[in-house]
Amino acid sequence: MTAPTLADTVVARYPELAALPEAARQRLAGRAQRVTLPAGTPVFDERQACQGFPFVLDGSIRVVKAAPNGRELPLYRVAPGETCVISSACLLGHVPYNARGVTETDTTLLLLPSADFQALLGEAAFRDFVFQLFSERIADLMQLIEEVAFRKLDQRLAALLLGKGQRLHITHQQLADELGSVREIVSRLLKNFAAQGLVALSREQIEILDPAGLRRLAGG
């Protein structure tokens, strides 16, 4: 049985690229640099020049906006088959990064150099691929803006808990990081939830006792 080529692997993760001409697929696979990074490794940082367009083959990248006081607002995650809209914007606008990307798990990616990214934009299939995923990611970011601007933190926390199963093995700090808040505020809200009988708290574990009550809270 023939082992899959790198071009085959990329198309398996990003099926839209199957529409590229063979020469373009080979250029992508031949010019992109394969990089494997352990969990917690910075992929890019604010004010850093964008060196290329990342295709995630395995693992995930967490993209956040950092404040001067150290707090972070999670923007999105880039998993296999997804793209980084901030990388796209930096390459299209020839501007530095305005956010930070860090691997969440051991991650393997292909980094397509800027010059090759620009050249492949001449292919309709690649251009459509970039702008379609760009559009989807912008919609996700608009939803995040709406949640941060118009939903109270207790509502967002309730919704976050409901999306993680009945028993969560997670720290208050991890929840705060996902919400772009601070641990002390999240801990206080969780204690209020526990006092209402919505959850039970123990060390690095939260058990959902009243999912219906959390849904009512999440819905406002």
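Every number here is computed from the coordinates shown, using simple stated rules; none is lab data. It should be emphasised that the depicted structure is a prediction, and the values quoted were computed from it without experimental measurement. Glycine also receives a Cβ, built like all others from the backbone with ideal geometry; neighbour counts cover every protein chain displayed.
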Given Cα pairs under 8 Å that are at least 6 residues apart, what percent is the relative contact order of the chain? 20 percent
With +1 on each Lys and Arg Cβ and -1 on each Asp and Glu Cβ, how big is the dipole of region 152-218 about its Cα centre, in debye rounded to the nearest 20? 140 debye
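Suppose every Lys and Arg Cβ carries +1 and every Asp and Glu Cβ carries -1, with no other charges. What dipole size does the chain come out with about its Cα centre, to the nearest 20 debye? Kindly include the intermediate steps, with their values, before the conclusion.
Details: 24 positive and 24 negative charges, 109 e Å.
Dipole magnitude for the chain comes out near 520 debye.
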DSSP H helices in the chain with Cα extent of 24 Å or more along the helix axis and mean Kyte-Doolittle hydropathy at least 0.0? 124-150
Using the charge dipole of the chain (Lys, Arg: +1 at Cβ; Asp, Glu: -1 at Cβ; taken about the Cα centre), state which of Val64, Val78, Gln205 has its Cα farthest towards the positive end. Gln205
Under 5 Å from the placed amide H of Asp58, counting only residues 5+ away or on other chains, we find Thr108
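Based solely on its DSSP helices, what 222 nm [θ] is calculated for the chain when runs of n ≥ 4 H residues each add -39,500 (n - 2.57) and the sum is averaged over all residues, nearest 500 deg cm²/dmol?
For the chain, the value works out to -14000 deg cm²/dmol.
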Qualifying trypsin sites (Lys or Arg not before Pro) in region 1-100, DSSP loop, other Cβ atoms within 10 Å at most 15: Arg47, Arg71
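For the chain, report the translational diffusion coefficient in µm²/s to the nearest whole number, using Stokes-Einstein at 20 °C, 1.002 mPa s, and a Kirkwood Rh over Cα pairs.
For these conditions, the coefficient is 111 µm²/s.
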For Thr5 and Ala139, FRET efficiency with R0 = 25 Å and r from the beta-carbon atoms, rounded to 0.05? 0.15
Looking at the chain as a GNM with Cα springs under 10 Å, which of Phe150, Phe131, Phe117 has the largest mean-square fluctuation? Phe150
Considering the dipole of the chain built from charges on the beta carbon (Lys and Arg +1, Asp and Glu -1) around the Cα centre, which of Ala19, Cys90, Ile170 is farthest to its positive end? Ile170
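From the square roots a ≥ b ≥ c of the eigenvalues of the alpha-carbon gyration tensor of region 152-218, which class results: rounded (a/c under 1.5), prolate (a/b over b/c), or oblate?
rounded
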Once the Cα gyration tensor of region 1-120 is found, what semi-axes does its equivalent ellipsoid get, as square roots of 5 times the eigenvalues, in whole Å, sorted largest first? 26, 17, 11
The chain - Cys residues lacking any other Cys C-beta under 4.7 Å: Cys84
Net length gained if the chain between Glu46 and Gln166 were fully extended (0.36 nm per residue, minus Cα distance): 39.5 nm
